[in-house]
Amino acid sequence: MLTPYFDNGQVICIDKPYEWTSFDVIKKIRFGLKIKKVGHAGTLDPLATGLLVICTGKKTKEIENYQAAEKEYICDLVLGKTTPSVDLETDFDSETNTDHLTNEEITKVINSFQGEIDQVPPIFSAIKVDGERVYEKARKGETVELKSRKIQIHEIEILESNNPEIKIRIVCSKGTYIRSLVRDIGEKLQVGAYMKALVRTRIGELTLENALSPEEYVEKNKFRVAFPENK
């Protein structure tokens, strides 16, 4: 069955649930609403939540525009502990005392990342090397060397600071890895860090406030499958 409303093209704002992959969201919408052509405009890690832009039908031609748009995130990072994945996907592999750090030191280091910087992607990422995702290589214990790339941190702001837990807001360019930013902040402070939580709040002019969960979106639009002539 064709669903003209979706096949003609829609841009959908989804609030991706915790532990869902971006492809899990695609599957839920594709099969729940019988959509032939659907894709997302920028992956979110399974342990991240927030805005995932889904395009259907003719609107899939606009995916690259959304991928290139400015992004905003809220990140909870913890100083003094590290994991290989820089988040809670993997176990802790180091711990360092952070009591000596002052708020002034933490603020100075975090603010130093604003502007154009060179950033090395995390080894637990979807980048392909020799035709294989690097996270697959990392999970097998293989050593992977990734080249740095230039990215832009337009804004970085400390929202809450309670050493060792820090909450920051980041506005950044395409290609920015927040886990890499967290890793680099920890290294510059010489105590390490990992990302406890991440929420994407904006992509271009689209915001999380207007997003629905995958289940809510499918339930709200089931009538368009039952009555495909509706627009």
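If you filter the stretch 1-58 down to residues that are aromatic (Phe, Trp, Tyr) and over 17 Å from Leu208 (Cβ atoms), you find that the one that is farthest from the chain's Cα centre (by Cα) is Tyr5. Against the definition (closer than 18 Å to Leu181 by Cβ and in a strand (DSSP E or B)), how does Glu72 come out, yes or no? When the stated conditions are applied, Glu72 passes them. For the stretch 76-128, the candidate set comprises residues that are open to solvent by less than 70 Å² (accessible area, probe 1.4 Å) and acidic (Asp, Glu); within that set, the residue that is nearest to Glu145 (Cα to Cα) is Asp87.
In the set (1) touching a helix residue (DSSP H, G or I) at 6+ places or on another chain (Cβ under 8 Å); (2) at pLDDT below 95; (3) open to solvent by 50 Å² or more (accessible area, probe 1.4 Å); (4) not hydroxyl-bearing (Ser, Thr, Tyr), the condition left unmet by Lys147 is number (1).
Scoring Lys58 on the criteria (1) crowded, with 21+ Cβ neighbours inside 10 Å; (2) not assigned by the TED database to the domain that holds Leu181 leaves a single failure, condition (1).
Test Lys16 against the stated conditions and say whether it is buried (at least 19 other Cβ atoms within 10 Å of the Cβ) and among the charged types (D, E, K, R). When the stated conditions are applied, Lys16 passes them. Consider the stretch 61-73 and keep the residues that are within 17 Å of Lys36 (Cα to Cα) and not aliphatic (A, V, I, L, M). The one that is least open to solvent (accessible area, probe 1.4 Å) is Glu62.
The values are calculated or read from the model by the stated rules, or taken from the named source; none is laboratory data. Just so you know, these numbers come straight off a predicted model, no measurement behind them. When we count neighbours, we look across all protein chains shown, and the Cβ atoms used for this are built from the backbone with ideal geometry, even at glycine. For accessibility, only protein heavy atoms count, side chains too; no ligands or nucleic acids. Shrake-Rupley method; radii C 1.70, N 1.55, O 1.52, S 1.80 Å.
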